[in-house]
Each structure stands twice: as structure tokens, then as C-alpha cells.
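For reference, the structure is listed below as C-alpha cells.
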Amino acid sequence: MYQAIVFLPLIGAFIAGFFGRVIGDRGAQIVTCGCMVLSALLGIVALHQVAILGQVKTVDIFTWIQSGTLELSWAVRFDTLTAVMVFVVSFCSTWIHIYSIGYMSHDTSIPRFMSYLSLFTFFMLALVTADNFVQLFFGWEGVGLCSYLLIGFWYDRPSANAAAIKAFIVNRVGDFGFALGIFATYLVFDSVNFDAVFQAVPAKAGSKIEFLGQSYDAMTVLCLLLFVGAMGKSAQLGLHTWLPDAMEGPTPVSALIHAATMVTAGVFMVCRLSPMFEYAPMALAVVAVVGASTAFFAATIGLVQNDIKRVIAYSTCSQLGYMFFAAGVSAYSAAIFHLMTHAFFKALLFLGAGSVIHAMSDEQDMRKMGGIWRQVPYTYAVMWIGSLALAGIPFFAGFYSKDLILEAAYAANSGVGAYAFWLGIGAAFLTAFYSWRLLFMTFHGTPRADEHVMAHVHESPMIMIVPLLVLAVGAVVSGFIGYEYFAGGKMTAFWKDALLVLPQHNTIEAAHHVPFWVKALPIVVAPAGIALAYYFYIARPELPGMLVRTHEPLYKFLLNKWYFDELYDMLFVRPAVWLGRGLWKGGDGYVIDGFGPDGISAATIRLARRAGRLQTGYVYHYAFAMLIGVVALVSWYLWRLH
């Protein structure tokens, strides 16, 4: 059963990818969706057996790598952390597959698209079931590859190609740090198996490692290098620039990447490696600071974006920041709790946005929408549910997990915890504001689309509506159902040995005893953000334009995403292009080719042409040459006699 959960999506991807022309569009959809449904059902069974009943499993499949003392098996590891991730990934991916049947119905490459979706899911399942660092890296690189294929799915669009390349390259930066972390882990522990490494961590705490010519704490270096990989995959501040551009892919791709798969891989990795991070307090502090900074930074950009999918994309970036600063204060179960609830409401919001785009004849600019809520009642209702969960309104899913994270940050009773708490409160206010800005601009007010588009506004077909309704249920109830297991009385038994939290770092327990105002503040700021959005976009719709004119520099700063792309273009892209062109034209063209193959061939041609001039065809020329030869020969002979 456990192997089938992982490999069923791969079988579906293989059949749809290689036999798509034989089985046709409908056949590819049936095969991939059928395999995903089976995988999701088995994932629910595994969650019950492993997490609820405590039947932890590790199944060896085959020996994968054997070189000297290094021996690695491909093993499927099922503990509570894996079971939760497998459930989230397989469940959300299944409904995204089903939704894609309707959304991509007019596309010309349906088997290829369905194959890519299933392959993406396989690599994510391989990642979360990994039993060692190398297997983890295999899944890690696999989801990176599939993100490239899916973001650039419409390869005839230059913008999609550029976005796919950008995602691939930015992730390579993070993956380089991740690979260095794996190498260093093997250097320190002489193993890359999780169990062997985790058992040896306490004995290695406080040991030193030579890095860049200096001596550093070994666990801090390892965890920081590994966290660089998480920053790239999960789009944290500094390596976040690929995430908004990923919107160039079809909307189901956006939902899959942003909800339950690729971007959550970094959060999963940090939680999986909690036995290492717990002994690296400096690394944990870095995780918390980066996460809190990302949460606030991305929320400020979401305030002014006009593309409906980009607003939700920056929301994802911000929510990932919450998950990371939860892990940074050792509230790993809170991070995974928010990962789970976020998967439901973020997949719902993206697929709801896709339903809006479908209704608006592929229009994504919210400035060209408005006044459509009556024509798309189901989409309107589920977007409300997703936004309520995202804003953390009681008693939707996001309320339980987001408030728990903020309380844990405050309960950490440290400077880093306070930094994370207050930035998290600020991000919560901004999140509520931009979520309702999206709702009001998209569904309310005076219609701003042209008459032709408005005449064709219609609700999506049921094959797209049913996944929205299912995910909406998850966005309502998952927080209430999961709270006891992730933060309540059943937490200790539920997580068992899947996560390690040292007694002095138990912020989840301390979160239950924070002052009342800490618990109440998130509940206050969210409605305040909603009220402000209502005032700006319903009561006084002329006000945003006035603010833009009076604070134009700040507006442009946020609209241009803090100018990170322009900064990276100046610091990295242009110098790289200049260096590459110089090496191409000067090094390769002038030096290597000039003195190498091109130079030799040119010299041969010049010599041949000069020799060719001697062949004139006149007898007296040849006689004169012979006479010169005789004179030269006689002169040489007389010189030798002398």
C-alpha cells in the first residue's frame, strides 16, 4: 500500500505521457485522475494507520546506491509527519487534477499537461517519504524540474519561457546551498540516513567544522546551508523573485505549486530536520527572522498588485513566512498545521481565481473586472470562504493555525520571537486588507470590463465547481478538526518521534498561557483590515486613486516589488551577460578560434593562395625559376667547398 501511494501518480504520468496519442485526451484524464484518486484514498488510510494508530512504517524497496562504505536504499518512510504531508499532497493534487479536466478542456496538449501534473505529484510524494538526504534531494530536484515544465507549459509565450527559466535558475541557487549541506552532513556524520544522523546529533552538538578557512559550529553551518535550499524552494526573502512569475503557467499549475507541493517542501524539510535545528539555535533564529521578514514583505507587495493571480501568489509567499518563523521558534507542529490548512484555502483561492478568469474570457486584471458576483454565485461563495480562512477569521481553518503561530512566537520570550510576533501581526492586518481588496475589485462595484466580455460572463462547469466545494469544506473544518492533534491534548501522542523539540524550546505548550491580549490581537486586526478595504473600495472608491497620486513614490516602490528584480538585474544579470559576451567574443572567438581552428585554416588558405600564384602557365617563368634554382644550388656547392 505504501509503495502504491508514491508510485501510482508516476504510473499515470507514464501512461499519459508516452501513450497520450493512443488513449486520447479523455483517456489521459481518466488514467491520471484515477491513479490520483487511488493514491489519495490510500493516503487517508495511511494517515489513520500511521498517525492515529501509531503504526510507523519504513519499507525498503531496493538498494539504490552502493559505493564503498556508502549504501543507500530507496525506502518509503511513513511517520506522522510523512502521513500528514502525503494526505495533504495527494488530496489537494487529486482535486486539482479533476478541476483541470474542465479548465484545460480547450487546450491542444491535454495528455502532456496531465502527465506533467502527475509527475509533479510523484516527485513531491517521493520527497516527503524520503528516508535519507539523497532521496530527499531526488524529490527536491524532481519538483524543480516539473515546475520548469509546468510554468513553461505554454512554450509559445515568451513570458512563460522566461518565467520557467527564472524559476529554474533561482532554485538552482538555493539547491547549491542544499547540496553543500548534504555533503557537509556526510562529512560530519559519515552517513546520510535520517535515523543515523538524528541519533548522532546530540554527541556532535558543539563540535566544530572548517568552512571557508574558519572554524564554526558544525550544526549551525549544516542547518544554515540546508536552510538556503529551503529559502529557494519556498520563496523566502532574497530567493522569492521566481514565485510571482510562476503565474505564467495555467491556473491549476499555480494551485499545485503554491498550495500543497513545491513551495511547502522547504517547510517540510526544516521540520523533518528538527533534531538538527534544535541543536543549532543560531540557525533557528535566522529561520525565524527570514520567515517573519518574508511574511511582512510579501504582504506589502500584495496590497497594490492588480493581477488576481499575483495577489494570491504574494499571499502564498507571506503565509510561507508564517510557517518558517513558526519553525524558527521551535513550533514545528504549528508550522505543519498552517501548511495543512493553507493547502486547503490557498488551492481554493487559486482555483477560484481560475474560475473567475474562465468566466471573464481569460482576463486576469482586476481593474477590468467588477460587478460579476450575481453571474458566478458558486465562485463568489467559495472565494469568500477562502478569503475568510486566509485572513484568520474565527472559526475558519486559518484562524486556528495562524493564531497558534503568533502565540508561539510571543511565547518564545525572545527578541527574535517578539520580532516575528509583531511583523506577523502587521502581515495579518495587510492580509485581510488585500484579500478583501481582491474580492471587492473582482466581484463588486461597477462592471469595468467591456460589453462583449460582460455578455459572456458565466459560472464554471460542475467539473470545476465540485473541487472548489470540496476544498471549501476543508478550508472551513480542517482547523477545528486538526487543532487537538497539532496543538491540543492529543499532540504528544500524535507526533510521537516525528518531531524533536527540546524541553526549553516547547513554545507550543507556552502558547496556551500567553496573555489574553496576545490571543485577541489577531482577531481584532483581521476585521480591521477588512473594514479598511470596504471603506477604500466600496464606500469611497475614489480614495485609492487619490492615495496613489499623493504617495506615488511609495506606490511605485510596492508595485515594482521593492525593486528586487531590478537590483538583481544590476548586480547579477548584467555583469553575467557582460562577462559571458566578453568570454564568447574575446576569449572563444578571438583567442581560441583565432589562434586555433579558425587561425590554422586561415593560414593554410593564405599559404595555398600564395603558392597558387606561382603556377602561371608560362614556360619562360618556369625556365627562370629553374635557372634561379641552378644558381642557388651551384652557390651552395661552392660555399661548401670554400
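Restricting Ser361, Ser330 to residues that are open to solvent by 10 Å² or more (accessible area, probe 1.4 Å) and hydroxyl-bearing (Ser, Thr, Tyr) narrows the list to Ser361. Looking across Ser105, Ser73, Ser147, one residue alone is open to solvent by less than 10 Å² (accessible area, probe 1.4 Å) and among the hydroxyl-bearing types (Ser, Thr, Tyr). It is Ser147. Taken as a whole, the range 624-642 holds no residue that is modelled with pLDDT of 85 or more, open to solvent by 90 Å² or more (accessible area, probe 1.4 Å) and of a type in the set (Lys, Arg). Taking the conditions exactly as written (open to solvent by less than 60 Å² (accessible area, probe 1.4 Å) and free of Cβ contacts under 8 Å to residues at least 60 places away in the same chain), does Ala520 satisfy them or not? Yes; evaluated as a whole, the condition is true for this residue. Checking each residue in the range 69-112 for being modelled with pLDDT of 90 or more, within 17 Å of Ile11 (Cβ to Cβ) and hydrophobic (A, V, I, L, M, F, W, C) picks out Val86, Val89.
Here is a yes/no grid of residues against (1) assigned to a strand (DSSP E or B); (2) touching a helix residue (DSSP H, G or I) at 6+ places or on another chain (Cβ under 6 Å):
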residue: Ile5; (1), (2): no, yes
residue: Phe19; (1), (2): no, no
residue: Arg26; (1), (2): no, no
residue: Ala40; (1), (2): no, yes
residue: Ala51; (1), (2): no, yes
residue: Gln55; (1), (2): no, yes
residue: Trp74; (1), (2): yes, no
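Residues in the range 230-242 that are in contact with a Leu (Cβ under 9 Å, 6 or more places away or on another chain) and in a helix (DSSP H, G or I) were compared, and the one that is most open to solvent (accessible area, probe 1.4 Å) is Met231. Can you spot a residue in the range 249-272 that is in a helix (DSSP H, G or I) and open to solvent by 10 Å² or more (accessible area, probe 1.4 Å)? Looking for residues that are in a helix (DSSP H, G or I) and open to solvent by 10 Å² or more (accessible area, probe 1.4 Å), one finds none in the range 249-272, hence no. Within the range 557-576, if we keep just the residues that are closer than 16 Å to Ile169 by Cα and hydrophobic (A, V, I, L, M, F, W, C), the residue that is most open to solvent (accessible area, probe 1.4 Å) turns out to be Phe572. Residue selection: Ala203 satisfies the criterion of being at pLDDT 85 or above and among the hydrophobic types (A, V, I, L, M, F, W, C).
Each row is one residue, and each column tells you yes or no for (1) closer than 21 Å to Cys92 by Cα; (2) modelled with pLDDT of 90 or more; (3) touching a strand residue (DSSP E or B) at 6+ places or on another chain (Cβ under 7 Å).
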| position | (1), (2), (3) |
| --- | --- |
| Leu320 | yes, yes, no |
| Phe324 | no, yes, no |
| His338 | yes, yes, no |
| Ala343 | yes, yes, no |
| Asp362 | no, no, no |
| Tyr378 | yes, yes, no |
| Leu388 | yes, yes, no |
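Close contacts from the range 64-89, counting a first residue that is of a type in the set (Lys, Arg) and a second that is open to solvent by 10 Å² or more (accessible area, probe 1.4 Å), with Cβ to Cβ under 6 Å and a gap of 6+ residues or different chains, come to Arg77/Thr58; Arg77/Asp131. Of the numbered criteria (1) surrounded by 14 or more Cβ atoms within 10 Å (Cβ to Cβ); (2) part of a helix (DSSP H, G or I), the one Trp154 fails is (2).
Candidates Ala184, Ala167: the one that is at pLDDT 85 or above, surrounded by 13 or more Cβ atoms within 10 Å (Cβ to Cβ) and touching a strand residue (DSSP E or B) at 6+ places or on another chain (Cβ under 8 Å) is Ala184. Based on what the data block shows, is Val356 in contact (Cβ under 8 Å) with a residue 24 or more places away in the chain, surrounded by fewer than 24 Cβ atoms within 10 Å (Cβ to Cβ) and assigned to a helix (DSSP H, G or I)? Criteria not met by Val356.
Across the range 273-283, the number of residues qualifying as open to solvent by less than 10 Å² (accessible area, probe 1.4 Å) and assigned to a helix (DSSP H, G or I) comes to 4. The residue pairs whose first member lies in the range 1-20 and is closer than 11 Å to Leu38 by Cβ and open to solvent by 50 Å² or more (accessible area, probe 1.4 Å), whose second member is small (Gly, Ala, Ser) and in a helix (DSSP H, G or I), and whose beta carbons are closer than 8 Å, counting only pairs six or more residues apart or on different chains, are Met1/Ala46. Would you check if there is a residue in the range 490-502 being in contact with a Pro (Cβ under 7 Å, 6 or more places away or on another chain), open to solvent by 40 Å² or more (accessible area, probe 1.4 Å), of a type outside the set (Val, Ile, Thr) and within 29 Å of Val270 (Cα to Cα)? Taking every residue of the range 490-502 in turn, at least one turns out to be in contact with a Pro (Cβ under 7 Å, 6 or more places away or on another chain), open to solvent by 40 Å² or more (accessible area, probe 1.4 Å), of a type outside the set (Val, Ile, Thr) and within 29 Å of Val270 (Cα to Cα). Phe123 satisfies every condition listed in (1) over 19 Å from the mean Cα position of the chain (by Cα); (2) among the aromatic types (Phe, Trp, Tyr); (3) open to solvent by 10 Å² or more (accessible area, probe 1.4 Å) except (1). Of all residues in the range 285-303, those satisfying the criterion of being open to solvent by 10 Å² or more (accessible area, probe 1.4 Å) and either over 14 Å from Lys561 (Cα atoms) or part of a helix (DSSP H, G or I) (or both) are Ala285, Val286, Val289, Val290, Ser293, Phe296, Thr300. Confirm whether Lys346 is within 23 Å of Ala487 (Cβ to Cβ) and charged (D, E, K, R). Judged against the criteria, Lys346 is a match.
The values are calculated or read from the model by the stated rules, or taken from the named source; none is laboratory data. These figures come from a predicted structure and were not determined experimentally. With ideal geometry, Cβ positions are generated from the backbone for all residues, glycine too; neighbour counts draw on all protein chains shown. Areas reflect the complete protein model, heavy atoms only, side chains present, ligands, DNA and RNA absent. Shrake-Rupley method; radii C 1.70, N 1.55, O 1.52, S 1.80 Å.
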